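Below is one structure, written out as structure tokens, with a few remarks after it.
The values are calculated or read from the model by the stated rules, or taken from the named source; none is laboratory data. Just so you know, these numbers come straight off a predicted model, no measurement behind them. Here the Cβ positions follow ideal geometry from the backbone for every residue, glycine too, while neighbour counts run over all protein chains shown.
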């Protein structure tokens, strides 16, 4: 019996895959538990439409990410921090401060979880770089300068 998976199943397949399983397994376990639906002609057409819409949405977000990556590549963000005369910062600079500085200085709202700062936490004054993961295949590199406030 062919079924359409509604969730990822280990050793069976991924969401929206059409797989062939024994009919008892499908009728008694997968379908009643909402893990799959029967691969009828109607359900196949619905699946094709869902996949088409999903690819359209993904292409749109990909183009938006490429546009944002071009805008972000090479910008330098300035971050002020309280520091000692030796150049050590009281505390540290992390992806939260970088995200806030980008929003404040360049008006781009980027989630802090998408920003990967080289070296995790910055504890000295200077110029550093960070990667911004905008899409699973698209990333931009930004520079940020930490100066004494």
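Among the residues of the stretch 27-38, is any exposed (fewer than 13 other Cβ atoms within 10 Å of the Cβ), in contact (Cβ under 8 Å) with a residue 24 or more places away in the chain and either more than 27 Å from residue 139 (Cβ to Cβ) or not assigned by TED's automatic domain parsing to the domain that holds residue 138 (or both)? Scanning the stretch 27-38, I find at least one residue that is exposed (fewer than 13 other Cβ atoms within 10 Å of the Cβ), in contact (Cβ under 8 Å) with a residue 24 or more places away in the chain and either more than 27 Å from residue 139 (Cβ to Cβ) or not assigned by TED's automatic domain parsing to the domain that holds residue 138 (or both), so the answer is yes. Every condition in (1) surrounded by 12 or more Cβ atoms within 10 Å (Cβ to Cβ); (2) at positive phi; (3) free of Cβ contacts under 8 Å to residues at least 12 places away in the same chain holds for residue 87 except the one numbered (3). The set of residues in the stretch 3-26 that are surrounded by 15 or more Cβ atoms within 10 Å (Cβ to Cβ), part of a strand (DSSP E or B) and in contact (Cβ under 8 Å) with a residue 24 or more places away in the chain comprises 3, 4, 5, 9.
With surrounded by 16 or more Cβ atoms within 10 Å (Cβ to Cβ), touching a helix residue (DSSP H, G or I) at 6+ places or on another chain (Cβ under 9 Å) and more than 30 Å from residue 36 (Cα to Cα) as the only criterion, which of 65, 130 stands out? Write out each step before concluding.
On the way: 65 fails: touching a helix residue (DSSP H, G or I) at 6+ places or on another chain (Cβ under 9 Å).
Matching residue, one of 65, 130: 130.
Restricting the search to the stretch 68-84, which residues are more than 19 Å from the chain's Cα centre (by Cα) and surrounded by 15 or more Cβ atoms within 10 Å (Cβ to Cβ)? 75, 77, 79, 81, 83 - these are the residues of the stretch 68-84 that are more than 19 Å from the chain's Cα centre (by Cα) and surrounded by 15 or more Cβ atoms within 10 Å (Cβ to Cβ).
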